[in-house]
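Q: Dumping the structure here so I can ask a few things about it.
The values are calculated or read from the model by the stated rules, or taken from the named source; none is laboratory data. Only a predicted model underlies this, so the values are computations on that prediction, with no experimental measurement involved. Here the Cβ positions follow ideal geometry from the backbone for every residue, glycine too, while neighbour counts run over all protein chains shown.
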Amino acid sequence: MGKTIIQQARGHGSKTYRVRPKGYIYRIQYPNVNFSGKIKIADLINSPAHSCPLVKLIIDGAIFYIPAANGIYQGQEIEFESDKIQPGNVVRLKNIPFDARIFNIEIRPGDGGKMIRTSGGSAGVIRRSEKEITVLMPSKREVNLNPECRATIGVIAGEGRKLKPIAKAGKKHHMMKARNKLWPRTSAVKFNAVDHPFGGGRGKRIKSKIAKRNAPAGAKVGHIRPSRTGVRK
């Protein structure tokens, strides 16, 4: 009897492949678009679902969380809509100089920040016009954004996260489980034939697999209905 492959089992959302609800209780977002002024950092939080520490801000009784900039501390005051370009301040792209590093960048004004949120990440403004601001991403890709989008000045804290070696497999297991990542990863050709379309290769004589045209998303692996296969003669 056949067996559901891992892609389909994860998509089904059973308890085995479901993340703990308390792992993602902190939602990253900026305050209201029109908010400006100074605010004191209430706390620095270690979130299991994020690779960087988070800053807790309390504004008029509402709580907001944003990624922490490298070098900030609890009790420090950060500014929104400020002319001061210093780590932690939130500034609109049109007011950011070319030599400043930025992170947690909004794609659309008011969306709360969607880009550059991983520890150690940062981007920079390379071109500016009245209609759009061009930002150079860490991948060397250029992105054009609205000048009214906001970003945080500095580099995200936790840059040395990957320098510490993971000495035990159990440590890696708990790290991946906190974010609902599939680990350890096994090569598809080493699966049994009932577990994966690439499985059951019988050693090194592995044959090409062609997914059926109407196969579900989880089973569409390998050649996706090519017009022909084999060496052209």
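Q: Can you tell which of 62, 100 is surrounded by 13 or more Cβ atoms within 10 Å (Cβ to Cβ) and among the aliphatic types (A, V, I, L, M)?
A: Details: 62 fails: surrounded by 13 or more Cβ atoms within 10 Å (Cβ to Cβ).
Checking each option against the conditions leaves just 100.
Q: So which of 84, 94, 177 ends up being loosely packed, with under 14 Cβ neighbours inside 10 Å and of a type in the set (Lys, Arg)?
A: Values: 94 fails: loosely packed, with under 14 Cβ neighbours inside 10 Å; 177 fails: loosely packed, with under 14 Cβ neighbours inside 10 Å.
So the residue among 84, 94, 177 that is loosely packed, with under 14 Cβ neighbours inside 10 Å and of a type in the set (Lys, Arg) is 84.
Q: Taking residue 33 as the residue in question, decide whether it is among the β-branched types (Val, Ile, Thr) and in a loop (DSSP other than H, G, I, E, B).
A: It is true that residue 33 is among the β-branched types (Val, Ile, Thr) and in a loop (DSSP other than H, G, I, E, B).
Q: Which of the residues that make up region 156-165 are in contact (Cβ under 8 Å) with a residue 24 or more places away in the chain and surrounded by fewer than 20 Cβ atoms within 10 Å (Cβ to Cβ)? Before you say what the answer is, go through the steps one by one.
A: From region 156-165, those in contact (Cβ under 8 Å) with a residue 24 or more places away in the chain are 156-161; that's our starting set.
If the condition is that a residue be in contact (Cβ under 8 Å) with a residue 24 or more places away in the chain and surrounded by fewer than 20 Cβ atoms within 10 Å (Cβ to Cβ), then 158, 159, 160, 161 are the ones that fit.
Q: Looking at this structure, is residue 218 surrounded by 11 or more Cβ atoms within 10 Å (Cβ to Cβ), under 28 Å from residue 7 (Cβ atoms), of a type in the set (Gly, Ala, Ser) and touching a strand residue (DSSP E or B) at 6+ places or on another chain (Cβ under 8 Å)? Working first, answer last.
A: Numbers: surrounded by 11 or more Cβ atoms within 10 Å (Cβ to Cβ): yes; under 28 Å from residue 7 (Cβ atoms): yes; of a type in the set (Gly, Ala, Ser): yes; touching a strand residue (DSSP E or B) at 6+ places or on another chain (Cβ under 8 Å): no.
When the stated conditions are applied, residue 218 does not pass them.
Q: Next question. Scanning for something touching a Gly at 6+ places or on another chain (Cβ under 6 Å), without any contact (Cβ under 8 Å) to a residue 60 or more places away in the chain and not in a loop (DSSP other than H, G, I, E, B), does region 62-78 turn up at least one residue?
A: Yes: region 62-78 contains one or more residues that are touching a Gly at 6+ places or on another chain (Cβ under 6 Å), without any contact (Cβ under 8 Å) to a residue 60 or more places away in the chain and not in a loop (DSSP other than H, G, I, E, B).
Q: Within region 50-59, how many residues turn out to be surrounded by 21 or more Cβ atoms within 10 Å (Cβ to Cβ) and either part of a loop (DSSP other than H, G, I, E, B) or touching a residue at least 40 places away in the same chain (Cβ under 8 Å) (or both)?
A: 2
Q: What residue, of 233, 172, 168, is at pLDDT below 80 and either surrounded by 15 or more Cβ atoms within 10 Å (Cβ to Cβ) or not assigned by TED's automatic domain parsing to the domain that holds residue 55 (or both)?
A: Sole residue among the options that is at pLDDT below 80 and either surrounded by 15 or more Cβ atoms within 10 Å (Cβ to Cβ) or not assigned by TED's automatic domain parsing to the domain that holds residue 55 (or both): 233.
Q: Does residue 106 meet the test of being exposed (fewer than 15 other Cβ atoms within 10 Å of the Cβ), among the charged types (D, E, K, R), within 26 Å of residue 34 (Cα to Cα) and in contact (Cβ under 8 Å) with a residue 40 or more places away in the chain?
A: So residue 106 fails the test.
Q: Then there is this: With (1) under 22 Å from the mean Cα position of the chain (by Cα); (2) touching a residue at least 60 places away in the same chain (Cβ under 8 Å) as the list, and residue 136 as the residue in question, which single condition is left unmet?
A: (2)
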